Amino acid sequence: MPHKQNRKMVKFSIFLRKHPSMNQEEFAHYHKTIHAKLFTSVDVVKQHVVKYVQCHAIPVSIPGFPEMYYDGITEIWFNDEASIAKVFGAEEYLQLVRPDEEKFIAMNECGFLITKEHPVI
């Protein structure tokens, strides 16, 4: 289903920590080239994911702010909350994608947030 600006979609934001065996460049490369291709190849993802964006940390310090904790963010838009469970509970995802995540992500250090956006500007 095409993304419509006036429709309230559900966004699943996953705050990522890289696997301790990787540096930032290796993490971003793996996420962009290997994992993205695998994730988007899964049928249930094709059926339910409306938009998929990856963001990777860049080395910037901001005065008065602590050092960045997360190494990247994955943002995935769905039409509704039920679609999130359909994707992440699907057997194909659990068998193919989940094991791949453990290769480049420190799973126990990640966080997530499920939201509806409220654009201000």
By the C-alpha gyration tensor axes a ≥ b ≥ c (rounded if a/c is under 1.5, else prolate when a/b exceeds b/c, else oblate), the shape of the range 76-121 is oblate
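What's the local net charge at GLN24, with K and R +1, D and E -1, over the other residues with C-beta under 9 Å away?
Working: positive: LYS18; negative: GLU25, GLU26, ASP71.
Taking every Cβ under 9 Å from that of GLN24, the sum is -2.
With the cut-off at 21 Å, tell me which of the pairs LYS37/LYS103; LYS18/LYS103; LYS32/LYS103 have Cα atoms farther apart than that. The partial results should precede the final answer.
Working: LYS37/LYS103 15 Å; LYS18/LYS103 9 Å; LYS32/LYS103 14 Å.
Going by Cα-Cα distance, every pair falls inside the 21 Å limit.
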Compute from the Cα atoms of the range 11-74 the Rg and the Dmax, the latter being the longest Cα-Cα distance, and quote both in angstrom.
-> 13.8, 45
Could you give me the radius of gyration and the Dmax of the chain, taking only the C-alpha atoms into account and expressing both in angstrom?
-> 15.1, 45
Karplus (6.51, -1.76, 1.60) ³J(HN,Hα), θ = phi - 60°, over the range 42-52, in Hz, Gly and Pro reported as x | 6, 4, 5, 5, 4, 7, 10, 8, 8, 8, 9
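When the helices in the chain are scored as -39500 (n - 2.57) per DSSP H run of 4 or longer and the sum is shared across all residues, what 222 nm value do you end up with, to the nearest 500 deg cm²/dmol? Please list the in-between numbers first.
Details: 5 runs with 33 residues, N = 121.
The helix contribution divided over the chain gives -6500 deg cm²/dmol.
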Counting other Cβ atoms within 10 Å of each Cβ, which GluC sites (Glu not before Pro) in the range 1-75 have at most 15 and sit in a DSSP loop?
-> GLU67
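Values quoted throughout were computed directly from the atomic coordinates according to the rules given, and no laboratory measurement underlies them. What you see is a predicted model; the values in this text were computed from it and never measured. Counting neighbours? That spans all protein chains shown, and the Cβs are built from the backbone with ideal geometry, glycine included.
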